[in-house]
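The values are calculated or read from the model by the stated rules, or taken from the named source; none is laboratory data. Please read these numbers as outputs of a predicted model, since none were measured by experiment. Cβ: placed from backbone, ideal geometry, glycine included. Neighbour counts: every protein chain shown.
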Amino acid sequence: MSSQPGRNDLENELAALRKSLAHDASAAGSDARTLTDWRYHFRAHPWLLCGGALCLGWLLVPRHVRGNATELGNQAAAQPVDASAMVTQPLVRTLVKLGAGYVARQSLDYLAHAGRTFLDERSRKRAQNTPRAPAKSGEEGLL
């Protein structure tokens, strides 16, 4: 009889440990979803992300040739102008940039979704692999 209270305490501790592990696994999945959500980060730090976007834009946009404005105007006037090239080149460039942006966004969305799915499956497998407490039966433990 003296071993019964110790056994019950041990069973209670193990049950509490299993419950906390299940809670930790679901919290880890929730944290992973939060880490991949750019909207959460933008709401938390809008000025930081805007500043980062500004710096990235400044680095990516090519710098124009610097020179005297009249000198550049004279050079432009001396070169023959093809009107069809003036219209199609910027249009094609714009369409390519739009397409590349769309592909980049879709790729990031896919990667975020795949990461969430992977983490959800991983936490689900861990929850399934945790040992379950044996069913309590009234008189079996006394034998």
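Note on segment 100-133: residues that are under 25 Å from Lys19 (Cβ atoms) and either in contact with a helix residue (DSSP H, G or I) (Cβ under 7 Å, 6 or more places away or on another chain) or acidic (Asp, Glu) (or both) total 9.
Looking for something within 30 Å of Asn129 (Cα to Cα) and at pLDDT 75 or above - is there at least one such residue anywhere in segment 36-46? Lay out the reasoning, then the answer.
The initial filter retains those residues of segment 36-46 that are within 30 Å of Asn129 (Cα to Cα), namely 36-37.
After this cut, where a residue has to be at pLDDT 75 or above as well, the list is 36-37.
Yes, because at least one residue in segment 36-46 is within 30 Å of Asn129 (Cα to Cα) and at pLDDT 75 or above.
Among the conditions (1) surrounded by 10 or more Cβ atoms within 10 Å (Cβ to Cβ); (2) at pLDDT 65 or above; (3) small (Gly, Ala, Ser), the only one that Gly57 does not satisfy is (1).
Would segment 67-80 turn up any residue that is in a helix (DSSP H, G or I), modelled with pLDDT of 85 or more and of a type outside the set (Lys, Arg)? Among the residues of segment 67-80, not one is in a helix (DSSP H, G or I), modelled with pLDDT of 85 or more and of a type outside the set (Lys, Arg), which makes the answer no.
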